[in-house]
Every structure is written in structure tokens, then in C-alpha cells.
């Protein structure tokens, strides 16, 4: 993809916060450019209509003008945000490995570990489907459905999908609920295992 090397300044217009994209009109006039929330550095605040930003102009695969490496006007250029030492993907993978490992050594019922793996796959595919729908402007997966899959045990897969697809990572209201689903799931899993109910359910299912 081609693009300019000189940063431009402009204001965001027609911002669709639900879909995470809008347009930026350069100061002084010129062709507006498509801008997606993923063009902003990780950790940046959510864009809003009227925001003054700087960006690098470029072309997408279809030859349309788009904004890349966008920054809010008050955001320093030289200072880059340090990435987290442990990524979302790493946390999700470690959680699944821990669940499977715990089942192998008998600390966790096999059915519970299997549920985590299965629901994580389902959650991963749901996030992928929602990301594709967002790009196409088609019908989205309800956030309540994503949260339901996560609270039932699909949150490791959701973490992997969120980082891989850069989806739902900046929208703070969603992330707040998402973290709550993880907490609720872990507490529920701990109670099921410690009370012996998970083991009894596994035995009844296998029997």
C-alpha cells in the first residue's frame, strides 16, 4: 500500500463509535480519509467527532485514502506506550493450558477443562464473526452474546481473539463487563470444584 510520509492534521467527522470508524478531514481542506479505531496506538482514548488528530495518509487495498498511525493532538509523538509484558493472547493460551494440565493431573474434572476449551473455540469464532461483520457493515453479534459465552468459560478464547483481531480492546464499557465475566466465571468454577459438584456432574455425565 502506498502512502505519504508527511503527517497531516485534521478533525474527525462522521464517527460511528459502535463500528469504530469514521473520517478525518485535513486542516486547510483536501480529501477526507477513512480512519479506523485500530489506527490509533493501543491505550489511546476512544476517538470522538471533532477530535483534532495527526495521521499519515495512505491507500488501502482498494485504492481508497485512509489514515494510518493516528494520534490525538495532545498525545506526544516521541513517547511510545510500552506493551504489556503479558499479552491477552498469552493469558488466554496459559489459561487453557492450565485447565488442560489441571485435568491431566486430576485437579480439575475433565468435563470442566473440556468446557473451557470448547467454549473458548466458540467465543473465538464469535469474535471473528463480529469483526468480519463490522468491516462489512453487516449485522453484528450482540455484545450480550459475547459476554454470555465468556462468562460460561469462553473468556480465554475471547482474549486470544481480541488481540489477534484487535477487536473490542479499546471500548472501555465492553472491557469493564468483560473483566467482570472473567471474575464471575473463575469464582463459579472455584465453587463448583471445591464443593465437589463439578466432580459429581462429571461422573453423572460419564455414567
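Please tell me the relative contact order of the chain in percent, rounded to the nearest whole number, where contacts are Cα pairs under 8 Å and at least six residues apart.
Relative contact order of the chain: 16 percent.
Normalised by 2.2 N^0.38 Å, where N counts its residues, the alpha-carbon radius of gyration of region 8-72 equals 0.98. If I compute log10 I(q)/I(0) by the Debye sum over Cα atoms at q = 0.12, 0.17 Å⁻¹ from the structure I just sent, which labelled value in (i) -0.52, -1.09; (ii) -0.59, -1.27; (iii) -0.71, -1.13 lines up? Correct label is (iii). Taking other Cβ atoms within 10 Å as a rough exposure proxy, 123, 202, 138 sort from fewest to most as 138, 202, 123. Protection proxy ranking for 24-31, 111-118, using the average of other Cβ atoms within 10 Å per residue and placing the highest first: 111-118, 24-31. For the chain, the share of DSSP beta bridges that are antiparallel, to the nearest 5, is 90%. Helical runs (DSSP H, four residues minimum) scored at -39500 (n - 2.57) apiece and divided by the length of the chain put the mean residue ellipticity at 222 nm at -15000 deg cm²/dmol. Full extension of the chain between residue 17 and residue 118 yields a length gain of 33.2 nm, computed as 0.36 nm times the residue separation minus the alpha carbon distance. Computed on region 88-206, with alpha-carbon pairs under 8 angstrom and 6+ residues apart, the relative contact order is 31 percent.
Here, each number is a calculation from the coordinates, and none is a lab measurement. From a predicted model like this one, the values you see are computed outputs, not experimental measurements. Note: ideal-geometry Cβ built from the backbone for every residue, glycine included; neighbour counts use all protein chains shown.
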